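Beneath this line is the structure, given in C-alpha cells, with notes to follow.
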Amino acid sequence: MNTAAPVVIVGAGPAGATAALSLAEAGISSVLLDDNGAAGGQVWRTGAADLGPPLAYTDARGDELRRDLKRHGDLIDHRTGHEVVGLFPDLRLWVLEGGETVTSLHPKAIVVATGALEVFAPVPGWTRPGVYGLGGLQALMKTSRVVPDGPVVLGGAGPLLRLVAAQLASFGAEIAAVVDAAPWPSSGQVLRLASQPGLLAKGLAFEWGLLRRGIPVHRGSAIVEVAGDEEADSVLVAPVDENWRPVDGPRRRLEARVVGLGYGVRSNVELTRLAGCEHTFSASRGGWHATRNRDMETTVENLFLAGDGGGIGGVEVALAEGVIAAASVSERLGQGDRLKTKAAKARGRMVDLVRFQDALADWSGVRPGILAGSTEDTIICRCEDVTRGEIAAAVAAGYTDIGPVKMNTRAGMGLCQGRTCTPALQAIMASETGRPLAEAGLPTSRAPLRPVPLKALAQLPLDEAVE
Ligand SMILES: Cc1cc2nc3c(=O)[nH]c(=O)nc-3n(C[C@H](O)[C@H](O)[C@H](O)COP(=O)(O)OP(=O)(O)OC[C@H]3O[C@@H](n4cnc5c(N)ncnc54)[C@H](O)[C@@H]3O)c2cc1C
C-alpha cells in the first residue's frame with residue numbers, strides 16, 4: 001500500500017479515475033479512494049463479472065477505465081470500499097474502511113471527485129415500502145441485474161428518468177408509465193441541445209426505447225401521492241404548471257407496485273463543506289457546489305474539485321475536469337507541465353458541453369414548485385421522522401436560517417446526515433421565508449460523515465480524535 005503518495009483522490013468515477021490516470025501519465029503516484037467495490041462511479045457502476053446480458057444504453061468506457069487503473073497499479077493505489085468521513089482545511093482526511101477502521105491521511109494535494117446525489121421531492125406516502133430513488137433502482141440493476149416486479153411507475157424529471165425507464169424496460173420490467181414534470185422541450189431548447197448531437201441522440205434513443213414498447217409518458221405531470229395499505233399499490237398523478245405546481249385538471253390513479261422517484265441530481269458537497277470551501281448556487285449546474293478557479297482549485301489551497309461534485313455537468317465534463325485537475329496538481333507539486341496540452345484540449349471541449357448542460361437544466365432543472373405535492377403531514381426527513389409542518393412551524397417561530405431549523409427540528413441530523421432531505425428542506429425554507437431557493441442556504445457538515453465505531457476513532461492519533 002502506497003501510503004506516501006503525495007496526492008489523494010476521493011471518488012473513482014469518471015472524474016477521479018481520469019485524474020489518477022492522468023497523474024500516472026505524468027509519473028505521479030496517487031491514492032484513489034472510493035466507497036464502492038469497483039471503479040466507475042454512478043455512470044459506469046458495475047457488479048460481478050458474470051452478470052449476464054449487458055445493460056442497455058451504456059458504453060464500454062467503464063470496463064476500459066477499470067482495466068487502465070489495474071495497468072497503472074504501480075502508481076495508482078486504488079482502495080475500494082474506503083469511505084472518506086472527514087476532510088479538514090489542513091488537508092487531513094479520515095478514511096473509514098470496512099465500517100470498522102478509521103485511518104488518517106495527510107497528502108500534499110487532494111482531488112475531490114465525489115460526484116452527485118439524487119434530488120427527491122417528498123409526497124404523501126413516499127416512505128412506503130416499494131418506493132425507491134431512480135438511482136437506487138438503477139444501482140440494483142447495474143450491480144446485480146435486479147429487475148422489480150411490476151407494474152412500475154417512474155416519476156420526476158431530467159435525463160435519468162427516461163434512462164432508467166428505458167433500461168428497466170429492456171430487461172423486461174413492466175413499466176406502466178413515466179410521469180415527467182417537464183413538458184416537451186421547446187424548439188429553442190431542442191436547438192441548443194442539438195449543439196451536442198451525440199448526447200441529443202442518446203436522449204432520443206431513450207425516448208424511442210419507451211415509444212416502441214408503448215410505455216406512456218405523461219408530460220407536465222407529477223406523482224402527488226403514493227397510496228397503499230402498507231406497501232405501495234398505486235400513485236396519484238396530477239398535471240403541473242411550468243414551475244411544477246399541481247394545477248386543476250384531470251387526476252389519474254395508476255396501479256404501481258414499485259415506484260421510482262427522482263427530480264435530477266445535485267452536487268455532493270459533504271466533503272467540500274467539511275473542508276471549509278466557499279460554496280455558490282447555480283441553478284443550471286444543479287444548485288449548490290464549491291467554487292473553483294479555472295484550474296479546478298477550490299478556495300482551500302491544494303484542494304481541487306473535479307466532476308459533478310463541482311456543479312452538474314455530466315460524464316463528458318467529468319472526464320475533462322479530471323484531466324484539468326490532474327494537470328493543476330502536477331504543476332503545483334512542481335512535477336512539470338507534461339499534462340498542459342491535454343488539459344488545454346479538455347478545456348476546449350468543455351465550452352460546448354457546458355452549453356448543452358445549461359440547455360438541459362433550462363428544460364428539466366429543478367423548479368420552485370418541486371415540493372408543492374407535499375402536505376403538512378408529509379415526512380421530509382426520513383431518518384428523524386420530521387414533517388413539513390414541523391419545519392414550517394420552526395420557521396414561523398423565527399428560525400429563518402437552515403442551520404437553526406436543522407437544530408430545532410433535527411431534520412437532516414439522522415443516519416444519512418441530510419443526503420436525502422436537504423433539497424426538500426431548502427425548498428421549504430425558500431417557500432416559508434419567501435426567499436429564492438438560492439438564498440435558502442446549506443446546512444453545516446460535521447465529521448465523521450457516517451456512523452463510526454468509537455473504537456475506530458480511538459485508533460486515531462489522540463489530538464485528531466479529540467478534535
Ligand atoms: C444515482 C445517480 C445515477 C446516475 N446514473 C447515470 C447514468 O446512468 N448515466 C449518466 O450518464 N449519468 C448518470 N448520473 C450522472 C453522473 O453523476 C455523471 O454523469 C458522472 O457519473 C459523474 O462522474 P463523477 O466522476 O463526477 O462522479 P461519480 O460517477 O458519481 O463518482 C463519484 C464516486 O465517488 C464516490 N464517493 C462519494 N463520496 C465518497 C466518499 N465520501 N468517500 C469515498 N468515495 C466517495 C461515489 O461512490 C462514486 O463512486 C447519475 C447520477 C446519480 C446521482
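Here are the numbers for this structure:
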| quantity | calculated |
| --- | --- |
| Qualifying residue in segment 257-277 (condition: more than 30 Å from Pro443 (Cβ to Cβ) and not aromatic (Phe, Trp, Tyr)) | yes |
| Residue list for segment 288-322, restricted to those being closer than 18 Å to Pro14 by Cα and assigned to a loop (DSSP other than H, G, I, E, B) | Asp295, Met296, Ala306, Gly311, Ile312, Gly313, Gly314 |
| Number of the exception - Gly276 against (1) crowded, with 23+ Cβ neighbours inside 10 Å; (2) in contact (Cβ under 8 Å) with a residue 40 or more places away in the chain; (3) not basic (Lys, Arg) | (1) |
| Segment 106-118, residues that are in a strand (DSSP E or B) and either within 20 Å of the chain's Cα centre (by Cα) or within 12 Å of the ligand (Cβ to nearest atom) (or both) | Ile110, Val111, Val112, Ala116, Leu117, Glu118 |
| Strands (runs of 3 or more DSSP E) completely within segment 119-209 that count 2 or more residues being without any contact (Cβ under 8 Å) to a residue 60 or more places away in the chain and among the hydrophobic types (A, V, I, L, M, F, W, C) | 175-180 |
| Within segment 332-341, considering residues that are touching a residue at least 24 places away in the same chain (Cβ under 8 Å) and on the phi < 0 side of the Ramachandran plot, the one nearest to the ligand (Cβ to nearest atom) | Leu339 |
| Gly115, sole failed condition from (1) farther than 27 Å from Val10 by Cα; (2) in contact with an Asp or Glu (Cβ under 6 Å, 6 or more places away or on another chain); (3) surrounded by 20 or more Cβ atoms within 10 Å (Cβ to Cβ); (4) of a type outside the set (Asp, Glu) | (1) |
| Selection from segment 289-329 of residues that are more than 12 Å from the chain's Cα centre (by Cα), charged (D, E, K, R) and near the ligand (Cβ under 10 Å from one of its atoms) | Glu316, Glu321 |
| Matching entry among Ala227, Ala238, Ala201, Ala169 (being of a type in the set (Gly, Ala, Ser), over 26 Å from the mean Cα position of the chain (by Cα) and either within 22 Å of Asp59 (Cβ to Cβ) or surrounded by fewer than 15 Cβ atoms within 10 Å (Cβ to Cβ) (or both)) | Ala227 |
| Unmet criterion (only one of (1) touching a strand residue (DSSP E or B) at 6+ places or on another chain (Cβ under 7 Å); (2) modelled with pLDDT of 95 or more; (3) within 11 Å of the ligand (Cβ to nearest atom)) for Gly286 | (2) |
| Segment 336-368, subset modelled with pLDDT of 90 or more and small (Gly, Ala, Ser), residue surrounded by the fewest Cβ atoms within 10 Å (Cβ to Cβ) | Gly348 |
| Test: residue in segment 151-158 that is near the ligand (Cβ under 9 Å from one of its atoms) and at pLDDT 90 or above | no |
| Residues located in segment 14-44, provided they are within 7 Å of the ligand (Cβ to nearest atom) and either more than 18 Å from Glu64 (Cβ to Cβ) or free of Cβ contacts under 8 Å to residues at least 24 places away in the same chain (or both) | Leu33, Asp35 |
| Residue list for segment 433-448, restricted to those being crowded, with 19+ Cβ neighbours inside 10 Å and closer than 15 Å to Leu371 by Cβ | Leu437, Ala440 |
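Matching residues to (1) under 26 Å from Gly155 (Cα atoms); (2) aromatic (Phe, Trp, Tyr); (3) touching a Cys at 6+ places or on another chain (Cβ under 8 Å); (4) surrounded by 21 or more Cβ atoms within 10 Å (Cβ to Cβ):
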residue	(1), (2), (3), (4)
Leu254	yes, no, no, no
Arg257	yes, no, no, no
Leu261	yes, no, no, yes
Glu270	no, no, no, yes
Trp288	yes, yes, no, yes
Arg292	no, no, no, yes
Asn302	no, no, no, no
Ile312	yes, no, no, yes
Ala325	no, no, no, yes
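The values are calculated or read from the model by the stated rules, or taken from the named source; none is laboratory data. Quick caveat: nothing in here was measured; it's all calculated off a predicted structure. Virtual Cβ from ideal backbone geometry, glycine too; neighbours counted across all protein chains shown.
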